[in-house]
Amino acid sequence: MLNTAIKRPHGHPAGWILLVFLALLCRPAAAPAAQDCRFCHDEPLYRVDFNRSIHAGNGCTSCHTGITDVEKHRDGKEKPAPVNCGNCHEKIAQEYLSNFHYIQEDFRCSDCHRNIHAIRKVEGKHVKIAVIEKCTECHGNADYTASGHGEAVMKGNRDAADCSDCHGLHSTRVFHTSLEQYPAEAREFYTQKCKGCHADSVMMTRNNLSDKMVAYYEGTYHGKVQELGYPAPVAGCGDCHTKHNILPKDDPRSSIHPANLEANCGRCHSGFHPRFLSYQAHPDYTDRQKYPALYVTFLFMGGLLVGTLAFFWVHTILWWRKVYWEKDRMEREGIVPPSVVATGEGLQQVERFSVKYRVMHVLLVLSFFTLVLTGFPLKYAGTEWAQTLTRLWGGAHVSGLFHRGAAFVLIVGMAYVAWESLKFLFPKGEGKKGWLGRLLGPDSLFPNLKDLQDFKGMIRWFFNRGEAPKFDRWTYWEKFDFLAVFWGMFAIGGSGILLWKPEWSSWLVPGWVLNIAALVHSEEALLAALFIFTIHFFNTHFIPNKFPMDRLIFTGTYRLEELKEQRPLEYQRLIAEGRLESMKRGHPSIPLKLISATFGLGSLLLGLFLTVLILWSLLFG
Amino acid sequence: MTFLSRKTSIRLALLAAWMLLLAPTACGKPAETPPPWKVVEASTLRAMMADDRELPVYNTMSEIECLDHRIPGSQCLACEEIENDPVAVLPADKNRVIVFYCESAGCYRSCRAAGAAVNAGYTQVHVLDKGMPAWKQSGYSMETVERIPRGSIPAVRASALSQMIAERKDLLLVDLRSERSYKAGHIEGAVNFPLYRLSRNYAEIPMDRTLVLVDDRGFRTLLAGSYLEMKGYRVMRLFRGMQAWQEMPAAK
């Protein structure tokens, strides 16, 4: 320590020996010891206080380097170099280079550690209080010190956050929130700080607080957009709970006290009805006492999801089993289905979907994928893929715009289908006459008694208890696909419209309904995506005799032999009504087939890929 | 064939409509007009200073702030001095490369200085991008000529100050902003001691009262206050400066 000011001798090892010898003999002359310095610098600060300070073991010259000779220094010929605390406190000095106080205010160590010669180590239990006392020398922040965390620290709580727990000690970040220069980064940074403690179950439990609040927040729109990591302007913790005046909601000074809520939410939201304020920012779906409506919705949506998927997955597995085994039997016996070896008349292409419906399906596919690709990253905001996907969209805000754009297309499409359905039921000239017959007739997508019989027939067929039922134009699973979209649209579209502009929705419904809408939207989306990507894909495309895809929905036509095989009753009807001739079409062109195959297979693969991501997040997320 | 191609074209038209519907959401910001001076990064400035030891690099803050900490090898020249008479204080050769920088990333003062220099006919005007913070964040060292120990200067909020003005007689409001800003509007009773000249005329401030320092946004009163405290004054500062005072709702 004392030799720090001595130049290192070069070359001969004898130099070393000589140096040690000299150092032992005439140490005071070579490098002044503390008593030599104090001979002149004799204030009590250096004689008494310094010896009690944390640095007492260090000699004067360990900080005030550059003095080799007391005499020269006394004569003013040798001046000490500027003190560099970083010589010993290397890590802190490194951290401090990016500290706000250095970057913006050019503070140096001694500007905070003012009384450096008398500085003492603060005992563990007093560190937090010492930090607050130090910061408030300049930052007289009464909001903080007089309430919430600060008050708790001063009362001896060692868990409550002192200044440095949120802002860092030597690593205070340059955010310039007062200039609104880095609000997004600052929000992200401080929200993470809050989460750090408030998700710590041990710490929360011993302070009689809930450790679930972070998880509940992360389940809401605010929390999810925040978690995506590309925050659109959405509430982080400090936006509602304020920065320093953080108090429980029963305290009238608290920003979340009922009397202050309107102003609090009003800092971001405008144009809402006061009932907007009943929105729950940290709802617990499983709390029956506190949130009965949410609890019931949660159970219902969960039941719907599990019930629908379980029913159709079992149906699909049984179906696949039957077809696969059947195909195997035919292979063994060398039987080829007539549609495959069709000749002559059987090769004739017959129209099943007109251009209008094919275009509508393409639009449906595009808007559905856009909705899934923009919506699911929000649902599973914490996952890596969600964050990557959102970055690809250009951030949560842009992603949200695409979501709304696609929703608009879908809603217009649904309105058009509704209009088409009405025209089908009440055609021009006929009026109301015979509408019930058309509703339950073979060309309708509405379920009827035959569907029930077909379903029973299919189940018998699955178990080898009879022939496969003969279908007319629409099978019962196709009708379900169609109606499920309709039914889903009321749930997902209705809730989506409410959430589109929540402030306006509050003029229709109270804020807590928006919590329900968010839950319904999210669960229904999961049901829709899994249904389409597993059940619809399988029933229509992956069934062994159509694998890997049925291009019919894109090319619009199939062979007459296929019509006979798949829809025998419709075929008979078309013959009987003499309509078959008008439905004959030319063979689809190569470009159309290529586009269909590319678009169709691309969609199928994307859907399967998304299913993997969704299931992975659902099970392990 | 025509039938099929019509179908394809309908589909393509609808796809195009879809793209058009979504396109406006992806558009960027309109481009800003570039300033009439050159903006340089910290690393570029360092290289320029290494190449040309005589390069005039100006710290546009007040002398007090500049002498406390500045980029090594730069000179102190407050932006107000440059605005008052550029030709008198800047190099005679108007084709000389000159560089301005200031304290904050916003570079407000260096840009004002650069504007004045360009208007005076200087052709090689440079401004350090994001100012001294960028220099420090690049890890480059600073130079100190006359260090001011930071004091703990109490900051009073605007509302508290207006109450104090009404109750206490021993306060003196010292407005550190430029003469022009002061003339445009100031707190009643405040005297104007622009920060850029304070090192020369601070002694004219009476010592028998507690000073309340007022600046634009509250960023500069800490150092100015520390300076005056070092000179023996009792000092307070207005938290967030005139901005806070002006935002304060008028008392009924």
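Set the Cα radius of gyration of region A:488-591 against 2.2 N^0.38 Å, with N its number of residues, and you get 1.69.
The gain in end-to-end length when the A:Cys40 to A:Trp616 segment is fully stretched comes to 200.0 nm, 0.36 nm per residue minus the alpha carbon separation. If we count chymotrypsin sites (Phe, Trp or Tyr not before Pro) as exposed when they sit in a DSSP loop and have at most 15 other beta carbons within 10 Å, what is the longest stretch of chain A that avoids them all? The answer is A:1-462.
For A:Arg585, the amide hydrogen comes within under 5 Å of the amide hydrogens of A:Gln349, A:Val350, A:Glu351, counting only partners 5 or more places away or on other chains and with H modelled in the peptide plane.
Shielding value for A:102-112 is 6, the average number of Cβ atoms from other chains within 10 Å of each residue's Cβ. Computed over chain A, the alpha-carbon pair-distance distribution with 10 angstrom bins reads 3, 11, 18, 16, 13, 11, 9, 7, 6, 4, 3, 1, 0, each value a whole percent.
Of the cross-linked pairs A:Lys322/A:Lys470; A:Lys470/A:Lys593; A:Lys433/A:Lys470; A:Lys470/A:Lys564; A:Lys249/A:Lys290, those separated by over 18 Å at the C-alpha level are A:Lys470/A:Lys593; A:Lys433/A:Lys470. Qualifying GluC sites (Glu not before Pro) in region A:376-458, where qualification requires a DSSP coil assignment and no more than 15 other C-beta atoms within 10 Å, comprise A:Glu430. The listed peptides B:120-132, B:152-164, ordered by packing as a protection proxy, come out as B:120-132, B:152-164 (highest mean of other Cβ atoms within 10 Å first). Label separation (B:Val118 vs A:Phe189): 3.2 nm, computed from points 7 Å beyond Cα along the C-beta direction. Per-residue 3J(HN,Hα) values for region A:574-585, derived from phi via the Karplus relation 6.51 cos²θ - 1.76 cosθ + 1.60 with θ = phi - 60°, read 4, 5, 4, 8, x, 9, 4, 4, 6, 9, 6, 9 Hz in sequence order (x marks Gly and Pro). Residue by residue along A:405-413, Cβ atoms of other protein chains within 10 Å of the local Cβ number 2 on average. The longest stretch of chain B left intact once loop-based GluC sites (Glu not before Pro) with at most 13 other Cβ atoms within 10 Å are removed from consideration, loops following DSSP, is B:55-145. Counting only residues at least eight positions apart within a chain, or on another chain, the aspartates and glutamates with an alpha carbon under 16 Å from that of A:Lys79 are A:Asp36, A:Asp69, A:Glu71. For A:Arg404 and B:Arg217, the FRET efficiency from 1/(1 + (r/R0)^6), where r spans their Cβ atoms and R0 equals 45 Å, is about 0.75. Pairs of Cα atoms nearer than 8 Å and 6+ residues apart set the relative contact order; for region A:292-620 it is 30 percent.
When only Cα pairs below 8 angstrom with a gap of at least 6 residues are kept, chain A shows a relative contact order of 13 percent.
Mean residue ellipticity, 222 nm, helices only, chain A: the sum of -39500 (n - 2.57) across DSSP H runs of n ≥ 4, divided by residue count and rounded to 500, is -16500 deg cm²/dmol. Considering only beta bridges that DSSP places wholly inside chain B, some 5 percent are antiparallel. At an R0 of 60 angstrom, the distance between the Cβ atoms of B:Glu167 and A:Leu440 translates into a FRET efficiency of 0.10.
Loop-located trypsin sites (Lys or Arg not before Pro) in region A:419-524 (DSSP state not H, G, I, E or B) with no more than 13 neighbouring Cβ atoms inside 10 Å: A:Lys428, A:Lys432, A:Lys433, A:Arg465. Residues whose amide H comes within less than 5 Å of that of B:Tyr58, counting only those at least five positions distant or on another chain, are B:Gln75, B:Val99, B:Phe100, B:Tyr101 (H built at 1.01 Å from N in the peptide plane). Taking 0.36 nm per residue of separation and subtracting the current Cα-Cα distance, fully stretching the chain between A:Thr65 and A:Asp200 would add 44.0 nm. Taking label positions 7 Å along the Cα-Cβ direction at both A:Lys593 and B:Glu179, the computed distance is 8.9 nm, reported to one decimal. A crude spin-label estimate for the pair A:Glu478 and A:Lys584, with each label 7 Å from Cα along the Cβ direction, gives 2.2 nm. A Förster radius of 60 Å combined with the Cβ-Cβ distance from A:Glu467 to B:Gln137 puts the calculated FRET efficiency at roughly 0.15.
DSSP beta bridges confined to region B:155-247 are antiparallel in about 0 percent of cases.
Beta bridges per DSSP, both residues in the protein assembly as shown: antiparallel share near 20 percent.
For the peptide A:588-600, the mean number of other protein chain Cβ atoms found within 10 angstrom of a residue's Cβ is 2. Full extension of the chain between A:Lys423 and A:Phe609 gives 63.1 nm of extra length, using 0.36 nm per residue less the Cα-Cα distance.
Residue-wise HN-Hα couplings along region A:350-366, as the Karplus relation 6.51 cos²θ - 1.76 cosθ + 1.60 with θ = phi - 60° gives them from phi, are 10, 7, 10, 10, 6, 3, 3, 6, 5, 4, 5, 5, 4, 4, 4, 4, 5 Hz; Gly and Pro carry x.
3J(HN,Hα) along region A:69-78, derived from phi through the Karplus expression 6.51 cos²θ - 1.76 cosθ + 1.60 where θ = phi - 60°, amounts to 9, 4, 4, 4, 5, 4, 7, x, 8, 10 Hz, with x in place of Gly and Pro. For the residue pairs A:Lys134/A:Lys195; A:Lys456/A:Lys479; B:Lys38/B:Lys136; A:Lys356/A:Lys456, alpha carbon separations beyond 23 Å are given by A:Lys134/A:Lys195; A:Lys356/A:Lys456. Its relative contact order, with pairs defined as Cα atoms under 8 Å and 6+ residues apart, puts chain B at 17 percent. Put simply, the amide H of B:Lys38, placed in the peptide plane, has neighbours under 5 Å in B:Val125, B:His126, B:Val127, leaving out anything fewer than 5 places away on its chain.
Each value in this text was obtained by applying a stated rule to the coordinates, not by laboratory testing. Treat the numbers as computed from the prediction; the structure is a model and nothing was measured. All Cβ positions, glycine included, derive from the backbone under ideal geometry; neighbour counts span all protein chains shown.
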